[in-house]
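S.K.: Can you keep this structure in mind? I'll have questions shortly.
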């Protein structure tokens, strides 16, 4: 009986893995085939027919939404990330994928209730005075419920999906497979460094002890810096486990809800400026930062006396603590990029862990401009599609002649944050002078 049970379990595991691999692979192949077909049509038949291109992007965006909602897990998280990049993504993708921040179908309570009770070791009624069984938010890896403690404290209970560990593992494997396949047939973008980042960070994102401790560390650092207009929820460790995290409930306005912000007289441009300054400080001064600033994790709490509103940060599953040496190298690199010092850019990048096939100033300078320089030098508050196209053309040319062999993972995480903030800047109609906001943090370290 034991052997039969093990065989049945292995078969069940294989089928579940196939059900995650199959639809994603088929969707990816369909999109690639249709894209290649469109390129051929534009070259030989359609020429500059914009309608065919627009139709392709509209259909592709819907395909991505469908597969993300169906698969959830890291597939959904990746789609949400691109939906947050209003600065560089086409409107068709931003509109469709941004809906995933609010349209994730919740798991049924009958599946979640026993999971919470097993994790906490007590029944819901014993652990909480009140518990609303309708989730207030459903995300890619978990969903959140509103509840009250017996001390009448208003709390949020974040519950991991019961099967998410296997799903994360399977998703990383299919994404890695597709990235490796893509690198063999296409040369315009190499997704493999991004996949490596996902492999490193995936386990930490589903460890709520790590998330809670990270939130407390960042909160303590910000309090020490006197940042009183940032709210990070307190953790209730007696009501938490590795897969259930209980914290203060933040009752705020979603940062991209401009209509609601306007009702309270809150200027979105000022919010964008404050957000950029907050992240400059966390990365360049503290070397510790919340690394997932997408619209679902950022809230604005109006001041009752019409004073400065507070930025609420939630979800510290993706948090980074840089070594002091790396933080200082990042400051030197940023200064070198701004001051257009190719030799210093190359030296610093190599010290940080970048590696190319041949040592070449142009390659490192192009990487530096793609990372930060082009946006700052442009005088814009965020990147845009035209800028991204120019960056890709230059990068493709230099990397074709001198391939990038190694990228330090911490830089990828900083680049991810900068990308998300750029997308947020566009959504908030930012007019921030990025150079002026970053210079004080560079000068204090010089």
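S.K.: Would you confirm whether or not the stretch 235-249 contains a residue that is under 24 Å from residue 422 (Cα atoms), crowded, with 19+ Cβ neighbours inside 10 Å and under 21 Å from the mean Cα position of the chain (by Cα)?
M.R.: The answer is no, given that none of the residues of the stretch 235-249 is under 24 Å from residue 422 (Cα atoms), crowded, with 19+ Cβ neighbours inside 10 Å and under 21 Å from the mean Cα position of the chain (by Cα).
S.K.: Separate question: Give the residues of the stretch 356-371 that are touching a residue at least 24 places away in the same chain (Cβ under 8 Å) and exposed (fewer than 14 other Cβ atoms within 10 Å of the Cβ), sorted by residue number.
M.R.: 357, 358
S.K.: While we're here: Within the bounds of the stretch 279-288, is there any residue that is outside any helix (DSSP H, G or I), in the same structural domain as residue 439 (by TED's automatic domain parsing), closer than 18 Å to residue 411 by Cβ and touching a residue at least 60 places away in the same chain (Cβ under 8 Å)?
M.R.: Checked the stretch 279-288: at least one residue is outside any helix (DSSP H, G or I), in the same structural domain as residue 439 (by TED's automatic domain parsing), closer than 18 Å to residue 411 by Cβ and touching a residue at least 60 places away in the same chain (Cβ under 8 Å).
S.K.: Take the stretch 136-157 and flag every residue that is modelled with pLDDT of 95 or more, touching a helix residue (DSSP H, G or I) at 6+ places or on another chain (Cβ under 8 Å) and not in a strand (DSSP E or B).
M.R.: Across the stretch 136-157, the qualifying residue is only 149.
S.K.: Read through the list (1) modelled with pLDDT under 95; (2) under 17 Å from the mean Cα position of the chain (by Cα), then give the number of the only condition that residue 305 fails.
M.R.: (2)
S.K.: Just need a number here: residues in the stretch 419-442 that are closer than 19 Å to residue 287 by Cβ and at pLDDT 85 or above.
M.R.: Qualifying residue count for the region: 7.
S.K.: Quick one: in the stretch 257-278, which of the residues that are under 30 Å from residue 331 (Cα atoms) and touching a helix residue (DSSP H, G or I) at 6+ places or on another chain (Cβ under 6 Å) is surrounded by the fewest Cβ atoms within 10 Å (Cβ to Cβ)?
M.R.: 277
S.K.: Look through 198, 151 and report the one residue that is more than 25 Å from residue 296 (Cβ to Cβ) and either without any contact (Cβ under 8 Å) to a residue 40 or more places away in the chain or surrounded by 16 or more Cβ atoms within 10 Å (Cβ to Cβ) (or both).
M.R.: So the residue among 198, 151 that is more than 25 Å from residue 296 (Cβ to Cβ) and either without any contact (Cβ under 8 Å) to a residue 40 or more places away in the chain or surrounded by 16 or more Cβ atoms within 10 Å (Cβ to Cβ) (or both) is 151.
S.K.: Hey, can you tell me all the residues within the stretch 373-396 that are surrounded by 21 or more Cβ atoms within 10 Å (Cβ to Cβ) and modelled with pLDDT of 70 or more?
M.R.: 375, 381, 382, listed by residue number.
S.K.: Next question. Pairs needed: first member in the stretch 161-189, closer than 30 Å to residue 113 by Cβ; second member anywhere, at pLDDT 80 or above and assigned to a helix (DSSP H, G or I); C-beta distance under 7 Å; at least 6 residues apart or different chains.
M.R.: 162/111; 162/115
S.K.: Of the conditions (1) touching a helix residue (DSSP H, G or I) at 6+ places or on another chain (Cβ under 6 Å); (2) within 30 Å of residue 427 (Cβ to Cβ); (3) crowded, with 20+ Cβ neighbours inside 10 Å, residue 297 fails just one. Which one is it?
M.R.: Failing condition for residue 297: (1).
The values are calculated or read from the model by the stated rules, or taken from the named source; none is laboratory data. Keep in mind the model is a prediction, meaning the values are calculated, not measured. We place every Cβ from the backbone using ideal geometry, glycine too, and count neighbours over all the protein chains shown.
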